[in-house]
Amino acid sequence: MTCVALAIEDYALISDCYTGALVGRDGSIDWLCLPRYDSPSVFGALLGTRDHGRWLVAPTDPEATNERHYRGESFVLVTTWTTADGVVEVVDAMPRTPHSANLVRRIRGVSGEVEMRVDLRMRFSYAAAVPWVRQLHDEHHTLLAAAGPDALVMRGVELHPTDHAHEGTFTVREGEVIDHTMGWYPSHKPLPDPIDGPKGIRESEKWWADWAATFTHRGQYADEVLRSLLVLRALTHDETGGVAAAATTSLPEEFGGTRNWDYRYVWLRDASQTISALLAHGYRDEVDHWRSWLLRALAGDPDDVQIMYGLGGERFLPEYVIDTLPGYHGASPVRIGNAAAKQFQADVIGEVMIALHDARLSGMKETDFSWSLQRALMGRLNAVAHRADQGIWEIRGPARNFTHSRVMVWAAYDRAIRGAEEFGLEGPVEDWRERRAALRKEIERKGFDRRRNTFTQHYDTAEVDASLLQLSQVGFIAPDDPRMLGTVEAIENDLLHRDFLLRYRSRTDLDGLPQGEYPFVACSFWLVEQYARSGRLEKAHELMKRMCAVANDVGLLSEEYSTASGRQAGNTPQALSHLALVRAADAIARAEGHGESLVGGGSPSRALDASDD
């Protein structure tokens, strides 16, 4: 029988901070790209069937049940299987090994005896290549697989070839332990030595525990915040500092639909907000690492700034459709790369300026190049600030003057001014002040509907957009300003769908795509933040609890949520969803008197700055 992928919420992430594997509740690794998140897949069953690549380790008993959890504050996944004959534990981990990628699946008998099975189907290059496989028949039952530049070595369990798959069964009794390991290496290099499975698991667990040890959050949602920060760290490439927006590509925003995008790259917007979230909780090393990534990625002519890059800062991310993977439950097309890399989105420089200003507020010193980079970005902004753009939602329809984008341009000038005024940095401050003031007047005149008392999605409509919730987050307007409260009311009236928030009404044909999508997880958390910052704490808690319940059993959030089916949708785990959760929880904690946070980088009082009048 050919199996299809599980529900998105049935997958857990294991990660070494270079890439990550999605492990299903059924014990199958259905998604893994090696050696980076944005590399081609070697296990691609998530976007097809088991014949597109997977690694199953599970009891043979079809009635077996399981429970799973992460061990402590780590991405070491523990699944405990219960069968009629006994109990067995499977520990899945990715030891942190630079320049290679390793997985350990440790099978331990807890009680009785359990017959286990392995079903291994290696498919390289997005299932386009079935590798050449050979067995060494040594004490480790070594299996070697190679195709093009990639090679895998499997050790620890004897497997037998069956129609382009490798299968095996074995029995684990109480107290017995079997380590099944996999290692990736460049196919032109020598075979690597066997890894020490127990040591790899211990070191992985310790590394994550050490990273989490500095975490502090006195609010009610500390567990959810910590897991979200761990997800953000897992998506941050350990060598380059680039922050992937998600671990997957082409998981549909609407089941069976065509809104399927590749999110395994670094969006300046998402990465900037991620850095602010990490910074607010004391993780300064990641900020410094990302700032270095940014300097490298943006090196050269500021006119060449893109909205997104590869994990190493690569600029060339052409979007194409592949036919070797049929899509999640048949949702096609499956896209690799992202054409949005060539879009103009006016808000991203503002996002970067906010993140770098947050770094200054936290006490981080400027590097030799960081302020000169920001000066260059502001020069670029001077040249393009008047242009309509594709906006935060990357519409593939005509460019518009999106109100959110215009406010983020305002925020870029605001943070540049504050860098000069508050930190003594040099720049054309008077020119920046004039531009900031002119933008405020323009936005309040063209982006505000006095009849409805609401800011609008763009200058040529009365429609609203959930991104307007960020106007108060970045300090353009106070969260309790009557105009902001009117905007919230309009958003509630137009975009709340079964108590979850849509990005915008897709039926307006704004985005140039077929209508229909599910509520966007981050947007509802933005509404939580707005409720908390405007004193509506009861509403904030109500929505916060509802949104936290959307996370799966190990605390992961995807991009969207289907209220009709009660299922997660879109790419997973989604950085934007998790950082929005962190911001929302911090806003509630601040409203309840648990201290201040740098998240968002802007004081609401900036909205009342007389220099803007």
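At-a-glance table
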quantity: Search result, residues across segment 67-125 that are under 18 Å from TRP31 (Cβ atoms), in contact with a Pro (Cβ under 8 Å, 6 or more places away or on another chain) and of a type in the set (S, T, N, Q); calculated: ASN102, SER125
quantity: Selection within segment 340-376 - closer than 30 Å to SER41 by Cα and either free of Cβ contacts under 8 Å to residues at least 24 places away in the same chain or buried (at least 17 other Cβ atoms within 10 Å of the Cβ) (or both); calculated: ALA340, ALA341, GLN343, GLN345, VAL348
quantity: Matching residues in segment 90-128 - criterion: being modelled with pLDDT under 95 and β-branched (Val, Ile, Thr); calculated: THR97
quantity: Residues being in a helix (DSSP H, G or I), over 32 Å from the mean Cα position of the chain (by Cα) and not acidic (Asp, Glu) - total across segment 424-439; calculated: 6
quantity: Number of the exception - ASP16 against (1) of a type in the set (Asp, Glu); (2) over 30 Å from ASP193 (Cβ atoms); (3) in contact with a Pro (Cβ under 9 Å, 6 or more places away or on another chain); calculated: (2)
quantity: Candidate set from segment 329-339 (those that are outside any loop (DSSP other than H, G, I, E, B) and touching a residue at least 60 places away in the same chain (Cβ under 8 Å)); member that is surrounded by the fewest Cβ atoms within 10 Å (Cβ to Cβ); calculated: GLY330
quantity: All strands (runs of 3 or more DSSP E) inside segment 95-170 with 3 or more residues being under 29 Å from the mean Cα position of the chain (by Cα); calculated: 101-121, 150-155
quantity: 2 or more residues over 29 Å from HIS164 (Cα atoms): qualifying strands (runs of 3 or more DSSP E) within segment 41-93; calculated: 65-70, 77-82, 86-93
quantity: Residue that is surrounded by the most Cβ atoms within 10 Å (Cβ to Cβ) [pool: residues in segment 241-251 that are out of contact with any Pro (no Cβ under 8 Å at 6 or more places or on another chain) and at pLDDT 95 or above]; calculated: LEU251
quantity: Which numbered condition ASP238 misses (of (1) surrounded by fewer than 22 Cβ atoms within 10 Å (Cβ to Cβ); (2) farther than 30 Å from ASN338 by Cα); calculated: (2)
quantity: Residue selected from segment 136-172 under the condition among the small types (Gly, Ala, Ser) and touching an Asp or Glu at 6+ places or on another chain (Cβ under 9 Å), by the criterion nearest to ASN102 (Cα to Cα); calculated: GLY156
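The values are calculated or read from the model by the stated rules, or taken from the named source; none is laboratory data. A quick note: this is a predicted structure, and the numbers were derived from the prediction, not measured. Note: ideal-geometry Cβ built from the backbone for every residue, glycine included; neighbour counts use all protein chains shown.
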